[in-house]
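> Got a structure for you, questions after.
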Amino acid sequence: MVFGWGKKKQAQVPVEDTPKDKDISLSDVPQIVSDLTQLRKSQSVSEIKILRNNTSPLIDELTNIGKVLEKDNLNVDDIDKHLAIIVVRGKKQVIDIIKKGVTTIPEISSIDDAHKLDTTLNQILKKVGDVLGRQTRVIHIFAKKYAAQLKNNLEVMNMNHSEIHQILNNFEKTQSAADQINSLLEQIKTLKETRIKNEKKIQETKENTNSLESKISSIEDSIKEIKSSENYKKYLELKKTIDDFSKQRLKIKNEIDTQFTKISRPLSRYEYASSLDKEQQSILSQLNADPFKALIRKNKDAVIVILENVRKAVSSESISVKDVGKTLSQITETEDALDGFLKQVEEYYEKFESMQNDLKSLKPKDLVSFEHDLEKNISSKEDASHRLDMAENDIREIDTKIPQLIRQIEEKLKQFSNTRYVINSS
């Protein structure tokens with residue numbers, strides 16, 4: 001409280017009428033919001049204009065009080081000299097603020113004018129209030145007849161300013177509610193547009209899925225037709241024969257591995273100590289890793305050379321073994337078995353390649369293409385199904401979200417009037 005005029009009016013609790021229900025469509029909301037906002041704006045401007053007109057004479061009166069006070073010497077000649085200096089100085093400060101700070105208030109024809117009025121009154125009241133607060137003793141003791149006038153004047157001005165400020169705050173809330181409603185309407189519009197797009201996407205996806213299902217069914221029929229043919233049965237039988245024949249390879253390999261294991265020690269040592277050419281070195285490495293792969297007809301001479309070199313190294317003790325005689329005997333045994341091994345490997349490969357060629361000639365040319373197309377179309381159908389689920393989920397979310405937004409709009413509309421609007425979303 002400043003200078004005793006800062007008391008506020010006791011707020012009166014308005015008696016609310018029972019809200020009336022009114023059914024409207026969602027498309028009606030923008031116009032209702034616009035009309036009600038304009039009505040509130042017009043009412044606010046009208047009320048503030050009245051308060052402004054009631055305040056303007058008070059401004060003039062405050063200016064006149066300053067003029068009269070300026071001419072009044074307050075009988076300072078009759079008081080202590082030092083005290084007189086304080087009174088004169090205080091009086092001058094009050095008069096200077098009234099002269100400079102108390103300005104004409106603007107006319108009201110719009111909300112912007114009302115805001116300017118609010119700011120102007122706030123500045124006047126603050127400046128005058130501050131100086132009167134500092135000089136309160138001077139005014140109350142030495143200018144009593146002015147104190148009551150100033151108090152009454154400023155008290156009414158302050159109440160008028162508070163009402164103006166409250167009206168503006170209320171209108172700002174109205175404008176904020178209108179902006180929020182418009183934002184909610186825009187969200188609903190966007191959601192509805194998205195829903196239409198999703199509905200179109202669902203229709204297109206279903207059509208695409210039906211087309212894919214038709215293609216898949218056609219391809220499956222083609223594959224069934226191929227697999228039911230006599231040619232395909234022969235293909236499967238030969239494929240099984242080849243699978244069974246592959247076991248023969250393992251039998252030959254085990255036999256060869258068993259023989260070469262007997263000389264694996266000197267053979268592996270010779271690999272690190274030999275000075276063979278690049279081709280022979282490669283064959284020697286294969287003999288140590290997997291002799292079955294090395295024993296082909298074109299490698300025979302090189303294998304014999306390697307075995308003889310190993311024999312010489314063992315005999316000269318360049319390669320140390322536990323039993324030289326036994327090792328030499330096992331090398332001879334390996335050399336003797338070499339032709340038989342080469343023949344078995346050669347016959348195996350010849351027969352295997354022959355069967356593979358027959359298998360290739362029997363294999364249906366279109367089967368691979370059909371199976372590839374089937375896999376591709378099944379994958380496309382799964383992708384389409386995923387897109388369909390996403391679009392349907394989006395629609396369900398939108399159908400849940402829109403009623404929630406409509407309820408929010410109905411709540412916001414209550415801030416405008418006593419009418420309770422019930423929005424039909426259809």
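The values are calculated or read from the model by the stated rules, or taken from the named source; none is laboratory data. Remember, it's a predicted structure, so these values are computed and weren't measured experimentally. FYI the Cβ positions are ideal-geometry reconstructions off the backbone, even for glycines, and counts take in every protein chain you see.
> Could you list, in sequence order, the residues of region 225-236 that are surrounded by 11 or more Cβ atoms within 10 Å (Cβ to Cβ) and in a helix (DSSP H, G or I)?
Within region 225-236, Glu225, Ile226, Lys227, Asn231, Tyr232, Lys233, Lys234, Tyr235, Leu236 meet the criteria.
> Can you find a residue in region 3-23 that is at pLDDT below 80 and touching a strand residue (DSSP E or B) at 6+ places or on another chain (Cβ under 9 Å)?
Yes, the conditions are met somewhere in region 3-23.
> Which one is farthest from the chain's Cα centre (by Cα), of the residues in region 238-250 that are charged (D, E, K, R) and either surrounded by 11 or more Cβ atoms within 10 Å (Cβ to Cβ) or at pLDDT below 85 (or both)?
Top of the filtered list is Arg249.
> Take Lys99 and decide whether it is modelled with pLDDT of 85 or more, among the basic types (Lys, Arg) and surrounded by 11 or more Cβ atoms within 10 Å (Cβ to Cβ).
In short, yes.
> For Thr190, which of the numbered conditions (1) modelled with pLDDT under 95; (2) surrounded by fewer than 15 Cβ atoms within 10 Å (Cβ to Cβ); (3) polar (S, T, N, Q) fails to hold?
(1)
Rundown of residues vs (1) part of a helix (DSSP H, G or I); (2) closer than 30 Å to Asn393 by Cβ; (3) free of Cβ contacts under 8 Å to residues at least 24 places away in the same chain, yes/no style:
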| site | (1), (2), (3) |
| --- | --- |
| Lys200 | yes, yes, yes |
| Asn208 | yes, yes, no |
| Ser211 | yes, yes, yes |
| Ile216 | yes, yes, no |
| Glu255 | yes, no, no |
| Ser268 | yes, no, yes |
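> Name the single residue, out of those in region 288-305 being surrounded by 14 or more Cβ atoms within 10 Å (Cβ to Cβ), of a type in the set (Val, Ile, Thr) and part of a helix (DSSP H, G or I), that is nearest to the chain's Cα centre (by Cα).
Only one residue fits best here, namely Val303.
> Then there is this: Yes or no: Glu308 surrounded by fewer than 20 Cβ atoms within 10 Å (Cβ to Cβ), in contact (Cβ under 8 Å) with a residue 40 or more places away in the chain, out of contact with any Leu (no Cβ under 9 Å at 6 or more places or on another chain) and not small (Gly, Ala, Ser)?
Considered against the rule, which asks whether it is surrounded by fewer than 20 Cβ atoms within 10 Å (Cβ to Cβ), in contact (Cβ under 8 Å) with a residue 40 or more places away in the chain, out of contact with any Leu (no Cβ under 9 Å at 6 or more places or on another chain) and not small (Gly, Ala, Ser), Glu308 comes out as no.
> Determine, yes or no, whether Asp358 is more than 51 Å from the chain's Cα centre (by Cα), under 30 Å from Lys233 (Cα atoms), of a type in the set (D, E, K, R) and surrounded by 15 or more Cβ atoms within 10 Å (Cβ to Cβ).
Here the answer is yes, as Asp358 does meet what is asked.
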